Amino acid sequence: MTSQSALPEYQHSASRGRFGIARADITPPVGVYSRCWGAAAHDTADSIHRP
């Protein structure tokens, strides 16, 4: 029986590494200060759009 790693390993003469993919919800909570760009109309988030 042979086992295979979940992440494939690729080797090159100059480097060696492993790559993977992940997904995470990084939606900030409602009420957090979010006026981080010039066109923002409000200082804090009042709802969530597409979590």
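Please treat every number below as a calculation from the coordinates, not as lab data. Quick caveat, the model's predicted, so the values are computed rather than measured. Cβ sites come from the backbone with ideal geometry, for glycine too, and all protein chains shown count toward neighbours.
Tabulated values for the structure
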item	result
Label point distance in nm, CYS36-LEU7, each placed 7 Å from Cα along Cα→Cβ	2.5 nm
Rough spin-label spacing in nm, given labels placed 7 Å along Cα→Cβ, for SER47 and ASP25	1.8 nm
